[in-house]
1. Across region 251-257, in residue order, what do the Karplus-derived ³J(HN,Hα) couplings come to in whole Hz, using 6.51 cos²θ - 1.76 cosθ + 1.60 with θ = phi - 60° and x for Gly and Pro?
2. If you wrap region 146-226's Cα atoms in a convex hull and average its projection over all directions, what's the area in nm²?
3. Got a sec? Charge dipole of region 13-227, +1 on Cβ for Lys and Arg, -1 for Asp and Glu; which of Ala69, Leu193, Val20 is way out at the positive end?
4. Could you order peptides 118-125, 217-224 by the average number of other Cβ atoms within 10 Å of their residues, highest first?
5. Provide, for q = 0.11 Å⁻¹, the log10 of I(q)/I(0) from a solvent-free Debye sum over equal Cα point scatterers in the chain.
6. As an exercise, find the ratio Rg/Rh for region 291-366 from alpha-carbon atoms, using the Kirkwood inverse-distance average for Rh.
7. Restricting the count to DSSP beta bridges whose residues both fall in the chain, what percent are antiparallel, rounded to a multiple of 5?
8. Tell me the relative contact order for region 238-365 as a rounded percent, counting alpha carbon contacts under 8 Å between residues six or more apart.
Amino acid sequence: MDMARPAWIEIDLAALRYNVGLLHERVGADVEVMAVIKSDGFGCGAAVIAAAVLDGGAESLAVGNPDDARAVRDAGIDAPMLLYASTPPSAAAQVAALDVIATVHDLESLAAFDGLGKPMDVQFKIEAGLGRLGLNPDDWQAAYGAVQASDNLRLVGIYTHLNGPDNPASIKRQIAEFDRAYKIGLGAGFNNLRRMVASSNVVLGYPELNYDAVNAGRLMFHLLDGKWADMIDTRPVMSAVKSAIIQVKEFPAGAVVGFLGPEPIAKPTRLAVMPIGFGDGFKHRPPLGEVLVHAQRAPVVGRRGIEHTVIDVTDIGAASVGDEVVLLGQQDGAEISGTELGDWLDLPLMEILPRLARTLPKVYLG
Ligand SMILES: *Cc1c(COP(=O)(O)O)cnc(C)c1O
């Protein structure tokens, strides 16, 4: 890789498109795939990721941050895009300028959008049991009534985010609530509302809840864990994190190497340094794990710096300046897996990708 500072993450867009295709196969052609590309496309770049998921067969997008919506529109992408609740009522005009389907999560946001006096598509986010964001049951009737009375707002759908897919009884209770909200809409004359409740795990575990559209994020990025990961054969999108050695030092037995501690070292030691650190999403303190050099494992030693990592290459005689170092991914048949890296970082897989991708230079493959 021709980079002044060799430190980067490889993002496999072909794998992303493939995963979206798998998702669409799973839900069927009649169900809209609204691809969740929140948090800057899980750190991978909202506009690039938006283009890739649409290429892969998604019909629409969901973002959770106006900046991401703007990045997608600035890239000339005009697919329908839902903006999750993420703004106070005072930002209604800024939201309207983004050309998104806005989320109504309370009566105040509804009034603020209506007050702009311009045509605007909205969706209701229904509080069905998660307890985070959404229109409370007491407000459903009033919310439908306010849309009916509005010359500006067009209600295109209702959605919710289901809590705890490991617990079918809880899912059933939340769906009963959601259905109640839907029926109140029917009663008020909203006959064409699109319903959406399925995030990744729900798509896999409760196919009867795919409804009109599904709203999956992690599945497309190969970021599911446990039994959910086994339910669909997605490919890794974060395919590698790499750096390169910029200095190698040799120390004889008995030398005092400050980086390794105050005691003289017991045996001859070779250390190599690479320009990637905790500022790039890794950790300062042990456990720091291992990396691959010449397809062999080398332990990370000492403490990681904000921009540097030191590895022990005593047993890798060939290691020298310029050599590729793999912190995640494969090298000539050897591999550091995402699960392994997650154990060292003490982070679930879904946190690693946004953390590393957001900070490291990105190289897109495929
Ligand atoms: C993040 C999110 C999703 C997608 O969840 P995944 O587990 O990534 O599929 C769906 N809906 C809402 C409201 C979300 O915030």
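None of the figures in this text is laboratory data; all of them are computed from the coordinates on show. Please read all numbers here as calculations on a predicted model, not as lab measurements. No Cβ is skipped: glycine too gets one built from the backbone with ideal geometry, and neighbour counts run over all protein chains shown.
1. 10, x, 4, x, 5, 9, 10
2. Working: hull surface 25.0 nm².
Computing the convex hull of the Cα atoms and averaging its projections yields 6.3 nm².
3. Of the candidates, Val20 comes out farthest on the positive side.
4. So the peptides 118-125, 217-224, ranked by packing, come out 217-224, 118-125.
5. -0.80
6. So for region 291-366, dividing Rg by the Kirkwood Rh gives 0.96.
7. 50
8. Relative contact order for region 238-365 comes out at 27 percent.
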